Amino acid sequence: MRVLDPQLGEGLAAMCVTEAGGGHPRAITTTITPADGGWVISGTKTFVTFGTDASELLVVGSAGTTPDGRPRLRVARVCANEPGVTVTPRPPLPMVPELPHGEVQLHEVRSTELLDGDGYSRYVKPFRTIEDIHVTAALLGWLLRVARESGWPHDIQQQLLASILMLRPLGSASPASPVVHIGLGGALAAMAQLVETLEPLWADADPDLAAMWHRDKALLGIAGRARAARLDSAWAAISTTGS
C-alpha cells in the first residue's frame, strides 16, 4: 500500500474498491464531492480485505465524469474511525478464513486528503499487480518453510527460493511497467508448475499444514482471467513500442 501512498501512517491500511456491481470503473457509485475546502465521501464498499482491522482507508470514488461520460475516479485517504464510517465484518471465506474482510459504508465522510492522479490507472490497476507480487511471495515463503520442516528434496527447496528471488526485483519496479507484468506472468506460470510438482510431497508434511494447503490453494486461481488480460496487454504494449 505504501508503494501507492507513501504518506500512509504506521498502521494497517485497506484499499476500498469493490462495490455491489464489482470493481470496474463503471461499477463505482461511491461519490467524492468537494465541500468547504475538503471532500465528502459517500457510498458502500462491499468487500474490503482487512477492512475490519485497518486504521486508514484508501477509498476509490467518482469525482464527476469526463467529457465522454466516463467516471472520473479519484482516491481519498480516510481515517477508519472518522464519523460516518461503518465497517461490518463479512463471513469468513472457505479459503484462508483467517484473513478478515469487511463491508465499509461511508455516509458523508469528510477528508482533506485526495491523492494525485487518476484513481483507476494510477492506483487500482497498480494495486492489483503489487498484490499479486506480494501475495505470491508470501505464499512461496510459506511453502519454503514447509519444505524445510518436512525435509523435502533440496532441488525443490532451491526452486522455491529461486521463485521468491525472482519476485524481489519485480516488487521494487514500477507496477505499471509492461515488463513487470510479463515478468510476473512468467513467475506465476513457473509457480503453477512447481505447485504441481509438490503435490505428492504433501504426504510427508505435517497433516494440519497439508490440510491447510489443500483448503487454500484455490487462491492461486482467483482473478486468472484478469491476469491473462493484463499479460496480453503487456505483450501488446511491448510490441507497439518495440521495447
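What follows is calculated from the coordinates using simple rules that are stated; it is not laboratory data. Note that the coordinates shown come from a computational prediction; the quantities given were computed from them, not determined experimentally. Positions of Cβ are backbone-derived with ideal geometry, glycine not excepted, and every protein chain shown enters the neighbour counts.
For region 87-157, the set of GluC sites (Glu not before Pro) satisfying both a DSSP loop assignment and a count of at most 13 other C-beta atoms within 10 Å is given as Glu98.
Going by how many other beta carbons lie within 10 Å of each one, how would you line up Ser163, Ser42, fewest first? Before the final figure, lay out each step's value.
Values: Ser163 21, Ser42 16.
Ordered from fewest to most neighbouring Cβ atoms within 10 Å, Ser163, Ser42 come out as Ser42, Ser163.
Calculated mean residue ellipticity, 222 nm, the chain: -13000 deg cm²/dmol, from DSSP H runs (n ≥ 4) at -39500 (n - 2.57) each, averaged per residue and rounded to 500.
Out of all Cα-Cα pairs in region 140-191, roughly what percent, to the nearest whole number, are more than 17 Å apart?
40 percent
Separation of region 199-243 and region 115-131 by C-alpha centroid, Å? The two parts, judged by their Cα centres, are 21 Å apart. About its Cα centre, the chain has a charge dipole of approximately 660 debye under the convention of +1 per Lys or Arg Cβ and -1 per Asp or Glu Cβ, with nothing else charged. Note on Ile130, Ile222, Ile182: ascending count of other Cβ atoms within 10 Å places them as Ile222, Ile182, Ile130, the fewest first.
Using the Kyte-Doolittle scale, find the helices of the chain whose mean hydropathy is at least -0.5 and whose Cα atoms extend 24 Å or more along the helix's long axis, counting only whole DSSP H runs. Helices meeting the criterion: 125-150, 154-172, 178-198, 224-241.
Kindly work out what percent of the DSSP beta bridges joining two residues of region 1-128 are antiparallel, to the nearest 5.
Values: 29 of 34 bridges.
Expressed as a percentage, antiparallel bridges in region 1-128 total about 85.
All Cα-Cα separations within the chain were binned at 10 Å from zero, giving a P(r) of 7, 27, 31, 23, 10, 2, 0, each value a whole percent of the pairs.
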